[in-house]
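The values are calculated or read from the model by the stated rules, or taken from the named source; none is laboratory data. These figures come from a predicted structure and were not determined experimentally. Because the Cβ atoms are built from the backbone with ideal geometry, glycine has one as well, and the counts that use them run over all protein chains shown.
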Amino acid sequence: MTPRILVTGASGFIGKTLVAALAKQGFAVRAAARDPNAIIAASEVERVTMPDLAAPSDWSELLEGVTHVVHLAGIAHAPGVLPDTVYTRINAEAVGELAEQAKGKVERFIFMSSVRAQAGLAADHAITEKDVPEPTDAYGHSKLEAERLVEQSGVPYTILRPAVVYGKGVKGNIASLATIAKTPMPLPFGGLDNRRSLLALDNLITAIVHVLATEAAKNETFLVADAEPITVADLVGAMREGLGKPPHLVKVPSGAVKRILKSFGREADWERVSGQFVVDISKLLATGWTPQVETHAGIVQMMRAENGAAA
């Protein structure tokens, strides 16, 4: 029997690409979003309306005949915008309810958590799944609580904690840095040799498909990232390469970089790029998954795609 996969958040940044990839590989997909018309149309894709995560919901109809669930839906990281209770309700309690209702019906429940469930914006060592989780904000705490609820539900599960994801259509921190990279002036990032792990969207998609039916991934939690971290200087240089521009990166003291970003109203961006943040993905690699996209090349391709779309 062909697996039928329920994907929640199917119209989002990750969801759109995942639904298309699953359909292309011959899976039957029940794609759920608040606006089903925003989901790609394909013969293998059944577009359905997703329940409101802000209130307890009955998922029985959407779970009918489903063999797997990939739960992507939730509130993205938006510091200072939403009360903690909203994160808890949508990113944790709603996840637990879906997992409870999926128990006994599905072969595997894939929950898209976040590396922020495990750590803050920087770490002085390579992060592994063995580290005690230490989220630093409401978003991270809600994801960690959701993981706990999935684990205690009794449904066969796999939890993925992706690093910051990049790809065409990306928003958030990567989009902000890309905007800075588009400026014609030289940029003061040449001395930023701190390394940060990122995750190509295509690598995340292959990881999701991999764990769907991998027995070694059952009831396990995995960090997900590209094979090697990238320095911030190389990251910005790759963005400019993708735009067809020379790097034009100059070395200045880190304090000066912080002041420059502050003058552009982007002081928060400094907090997100100034520290070391390396993710150890050896646990997921040991199950047979291999990331195909290398970060520098992936960033170049992302910028070329974005630039082409804007042209």
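In table form, for the structure just shown:
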item	result
Failed item in (1) part of a loop (DSSP other than H, G, I, E, B); (2) touching a helix residue (DSSP H, G or I) at 6+ places or on another chain (Cβ under 8 Å); (3) of a type in the set (V, I, T), with T183 passing the rest	(2)
Residue match in the range 112-123 (condition: farther than 27 Å from G275 by Cβ, surrounded by fewer than 20 Cβ atoms within 10 Å (Cβ to Cβ) and either in contact (Cβ under 8 Å) with a residue 12 or more places away in the chain or within 18 Å of the chain's Cα centre (by Cα) (or both))	no
From V155, V165, residue being buried (at least 19 other Cβ atoms within 10 Å of the Cβ), over 20 Å from L121 (Cβ atoms) and either more than 13 Å from the chain's Cα centre (by Cα) or touching a residue at least 40 places away in the same chain (Cβ under 8 Å) (or both)	V155
Condition met for A33 (of a type outside the set (D, E) and within 15 Å of A94 (Cβ to Cβ))	yes
Residue in the range 137-151 that is touching a residue at least 60 places away in the same chain (Cβ under 8 Å), part of a strand (DSSP E or B) and surrounded by 16 or more Cβ atoms within 10 Å (Cβ to Cβ) present	no
Residues that are among the polar types (S, T, N, Q) and closer than 22 Å to A138 by Cα, drawn from the range 96-121	S113, S114, Q118
Residues satisfying the stated conditions in the range 203-217, i.e. out of contact with any strand residue (DSSP E or B) (no Cβ under 7 Å at 6 or more places or on another chain) and in contact (Cβ under 8 Å) with a residue 24 or more places away in the chain	N203, I205, T206, V209, H210, A213, T214, A216
Conditions (1) in contact with a Lys or Arg (Cβ under 8 Å, 6 or more places away or on another chain); (2) within 20 Å of P162 (Cα to Cα); number of the one not met by A31	(2)
Only listed residue being within 30 Å of L160 (Cα to Cα), in contact with a Leu (Cβ under 6 Å, 6 or more places away or on another chain) and among the hydrophobic types (A, V, I, L, M, F, W, C), chosen from V279, V300, V211	V279
Some residue of the range 83-90 being in a loop (DSSP other than H, G, I, E, B) and touching a strand residue (DSSP E or B) at 6+ places or on another chain (Cβ under 8 Å)	no
Flag for T2 being exposed (fewer than 12 other Cβ atoms within 10 Å of the Cβ) and either part of a loop (DSSP other than H, G, I, E, B) or among the acidic types (D, E) (or both)	yes
Residue within the range 189-212 that is closer than 16 Å to G242 by Cα, among the polar types (S, T, N, Q) and at pLDDT below 95 present	no
Residues (farther than 22 Å from R116 by Cβ, in a helix (DSSP H, G or I) and modelled with pLDDT of 95 or more) located in the range 255-303	H296, A297, V300, Q301, M303
Selection count where residues are crowded, with 21+ Cβ neighbours inside 10 Å and at pLDDT 95 or above, scope the range 17-44	8
Subset tally (residues that are within 20 Å of the chain's Cα centre (by Cα) and under 24 Å from A138 (Cβ atoms)) for the range 51-69	1
Some residue of the range 93-103 being within 21 Å of the chain's Cα centre (by Cα) and surrounded by fewer than 23 Cβ atoms within 10 Å (Cβ to Cβ)	yes
Residue under evaluation D202, criteria (1) part of a loop (DSSP other than H, G, I, E, B); (2) under 27 Å from A20 (Cβ atoms), criterion not met	(1)
Residues (assigned to a loop (DSSP other than H, G, I, E, B) and surrounded by 17 or more Cβ atoms within 10 Å (Cβ to Cβ)) located in the range 215-228	A225, D226
Residue match in the range 238-254 (condition: closer than 27 Å to P133 by Cβ, at pLDDT below 95 and not in a loop (DSSP other than H, G, I, E, B))	no
